[in-house]
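Undergrad: Structure below; questions to follow.
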Amino acid sequence: MITKHYKTSDKNAISDCGAIIRRGGLVAFPTETVYGLGANGLDAKAVASIFAAKGRPNDKPLILHIADQSTLNELWKDVPVTALKLIDAFWPGPLTLIYTKSNIVPDEVTASLTTAAIRMPDHEAALALIKSAQVPIAAPSANLSGKPSPTCAEHVSADMDGRIDAIIDGGACTCGVESTVLSLVGTPTILRPGAVTREMLSSVIGEVKIADAVLSPLKENEKVLSPGMKYKHYAPDAEVFTASGTPCEVAEKIKAAYAEYSKNGKKCIIFSTASTQGFYDGLRHVTIGDDKAPLTMCAELFSMLRKYGSEYDIIFAEAIDSSHEGLAYMNRLLRASGFRMI
């Protein structure tokens, strides 16, 4: 397959790619979170081709992307008041809502669950593509399964060239991590954290729980209720290790492990923060962002895992506080490391 490449500035990009979606093809497109790999969300065969292109297990549900709130009435059995409050506060934006699906949503989208995950992206090209396609677009991240999610078109090309019909290049994504996923079945529960935090959600609807699997592996035989819940995910070619403790304790752990692995011939690098980079003078390290502003770290994590994961054997990264936006960062980092701690 020859993959067509478009810029968002190309006058025919949206209409051409909307037509590709309508006829059952696959298009990678930019959003404010990461690049998505889109297919007609009402076409079971097209949705199945997403799993084939990514090498993705079919027990993982997909998110339906819409451009008009009224589409919810078609995709869910009903729209709860809680959802309307959240939509008013956070859509379009990086928040996915899960509720009971209608009969028109194929089982291939939901991994045979009785619920459907839906969001409205806050990105001009994404919204234009959905409108052009005239169908909800089912889209996971546009990467090979298990690899770091793509935050620019170059990442998509590296994984998907020759596997899909088209890629729309919209530049770098602003959030850098996938949307928050909130289940509205029973007590609202975060299944995957993102830029819309628990604290932000609680200010609108009251109590919000966090699923145990956000910062720990899924239990044996536990169902995958949301993308991003698998044990190991977002992983580069390099081995990733997470260190926790006070800043001084973390630095000592990392420096000791760095010395040990280097002695055994492994090429190592450290992901430090703006406040800890001074601990690693004389060692290979790169600053990933400011731990006092975790979204800066979220925005860089996937691109740095891709860049340095191909150049080094071992990546050491520091754990940060998991409140507010730090929860999204730690969720991605722990899964990228397969929960390997030092």
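Undergrad: How do the strands (runs of 3 or more DSSP E) wholly within region 254-342 filter down when requiring 1 or more residues that are more than 16 Å from P193 (Cβ to Cβ), within 20 Å of the chain's Cα centre (by Cα) and among the aliphatic types (A, V, I, L, M): which remain? Full working, then the answer.
TA: Numbers: elements: 268-272, 285-287, 314-318.
Where strands (runs of 3 or more DSSP E) fall fully within region 254-342 and carry at least 1 residues being more than 16 Å from P193 (Cβ to Cβ), within 20 Å of the chain's Cα centre (by Cα) and among the aliphatic types (A, V, I, L, M), they are 314-318.
Undergrad: Could you grab the pairs with beta carbons closer than 6 Å, sequence gap of 6+ or different chains, first residue in region 3-16 and among the β-branched types (V, I, T), second one assigned to a helix (DSSP H, G or I)?
TA: Sorted first by the residue in region 3-16, then by its partner, the pairs are T8/A125; I14/A128; I14/L129; I14/S132.
Undergrad: Oh, and also: Any residue in region 310-326 that is in contact with a strand residue (DSSP E or B) (Cβ under 8 Å, 6 or more places away or on another chain), loosely packed, with under 15 Cβ neighbours inside 10 Å and not β-branched (V, I, T)?
TA: Looking through region 310-326, at least one residue is in contact with a strand residue (DSSP E or B) (Cβ under 8 Å, 6 or more places away or on another chain), loosely packed, with under 15 Cβ neighbours inside 10 Å and not β-branched (V, I, T).
Undergrad: Continuing with this model, one more query. Quickly run through region 30-56 and pick out the residues that are closer than 28 Å to T174 by Cα and either in a loop (DSSP other than H, G, I, E, B) or acidic (D, E) (or both).
TA: Once the filter is applied, which keeps residues that are closer than 28 Å to T174 by Cα and either in a loop (DSSP other than H, G, I, E, B) or acidic (D, E) (or both), region 30-56 yields P30, T31, E32, T33, V34, Y35, G41, G55, R56.
Undergrad: Additional query: I'd like to check something: does region 296-303 contain any residue that is closer than 30 Å to A117 by Cβ and of a type in the set (S, T, N, Q)? Give the steps one after another, and end with the answer.
TA: So the first thing to find is which residues in region 296-303 are closer than 30 Å to A117 by Cβ, and the list is 296-303.
Next, only the ones that are of a type in the set (S, T, N, Q) stay: 296, 303.
Yes, because at least one residue in region 296-303 is closer than 30 Å to A117 by Cβ and of a type in the set (S, T, N, Q).
Undergrad: Is it true that V196 is in contact (Cβ under 8 Å) with a residue 12 or more places away in the chain and out of contact with any Phe, Trp or Tyr (no Cβ under 6 Å at 6 or more places or on another chain)? Before you say what the answer is, go through the steps one by one.
TA: Numbers: in contact (Cβ under 8 Å) with a residue 12 or more places away in the chain: yes; out of contact with any Phe, Trp or Tyr (no Cβ under 6 Å at 6 or more places or on another chain): no.
It is false that V196 is in contact (Cβ under 8 Å) with a residue 12 or more places away in the chain and out of contact with any Phe, Trp or Tyr (no Cβ under 6 Å at 6 or more places or on another chain).
None of the figures in this text is laboratory data; all of them are computed from the coordinates on show. Source: prediction; values computed, not measured. Cβ sites come from the backbone with ideal geometry, for glycine too, and all protein chains shown count toward neighbours.
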